[in-house]
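A.B. asks: One structure, pasted below without further comment.
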Amino acid sequence: MPELERKFTIRANDFINAGEVSLEIQSILKHIGFDSALVRRVSVCAYESEMNVVMHGGDGEALLKVSPKSVALVFRDQGPGIADIALAFKPGYSTANLEHREMGFGAGMGLPNIKKSADSVEVNSEKGQGTILTIGFKLGDSDD
Ligand SMILES: Nc1ncnc2c1ncn2[C@@H]1O[C@H](COP(=O)(O)OP(=O)(O)O)[C@@H](O)[C@H]1O
Ligand SMILES: [Mg+2]
């Protein structure tokens, strides 16, 4: 049973509100009292994932689950999916369009940074289907 579970809505191409969900996740974790290193790691993953849903995905949602042993983030969207997941994780690979690049996005480092910052990352996606990104962080010295 998670101690805390929160769900957030994310809208495709909503660059006005983009980033709000990850800020709220950051604020919840700070409020719980997690150390700043963990809060930073989760926030980086939340921000990159949220921006990916806004830019590349479709309408979707984020889920934050805090349990005694772990923090988990789940991002689901109803977008076009990812055809080649290994390629998507390659540093520098990006399908960002000109409009995204003009806003400063499209470095192709989001997924690599998520992988580096988290303890576990799982992607479930197929072209034409949505995408589910599950990111895990261990708490304390738990092995599971
Ligand atoms: N939710 C998603 N839906 C569809 N494609 C995605 C999604 N997230 C990531 N991708 C694909 O993976 C690529 C790499 O993502 P990322 O490393 O965050 O770089 P960037 O966002 O700068 O393009 C994206 O350009 C896109 O093609
Ligand atoms: Mg990205």
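The values are calculated or read from the model by the stated rules, or taken from the named source; none is laboratory data. On a predicted model such as this, the values are computed, not experimentally measured, just so you know. Neighbour counts run over all protein chains shown; Cβ positions are idealised from the backbone, glycine included.
A.B. asks: Within the range 24-59, track down each residue that is over 24 Å from Asp14 (Cβ atoms) and touching a strand residue (DSSP E or B) at 6+ places or on another chain (Cβ under 8 Å).
C.D. replies: Ile32, Phe34, Leu38, Arg41
A.B. asks: If you check every pair at least six apart or on different chains, which have Cβ atoms under 6 Å apart with a residue in the range 114-137 that is touching a residue at least 12 places away in the same chain (Cβ under 8 Å) and over 11 Å from Ser70 (Cβ atoms) first and a residue that is polar (S, T, N, Q) and part of a helix (DSSP H, G or I) second?
C.D. replies: That search, which allows pairs on different chains as well, returns Leu133/Ser49.
A.B. asks: Additional query: Please find, among Leu87, Leu64, the residue that is within 18 Å of Glu5 (Cα to Cα) and not aromatic (Phe, Trp, Tyr).
C.D. replies: Leu64
A.B. asks: Please work out if Val121 is buried (at least 18 other Cβ atoms within 10 Å of the Cβ), away from ligand 2 (no atom under 13 Å from the Cβ) and over 18 Å from Leu29 (Cα atoms).
C.D. replies: So Val121 fits the description; yes.
A.B. asks: Restrict the check to the range 43-57 and report whether at least one residue is surrounded by fewer than 18 Cβ atoms within 10 Å (Cβ to Cβ) and not small (Gly, Ala, Ser).
C.D. replies: No, every residue in the range 43-57 fails to be surrounded by fewer than 18 Cβ atoms within 10 Å (Cβ to Cβ) and not small (Gly, Ala, Ser).
A.B. asks: Lys7 versus (1) modelled with pLDDT under 95; (2) in contact with a strand residue (DSSP E or B) (Cβ under 9 Å, 6 or more places away or on another chain): which is the lone unmet condition?
C.D. replies: Failing condition for Lys7: (1).
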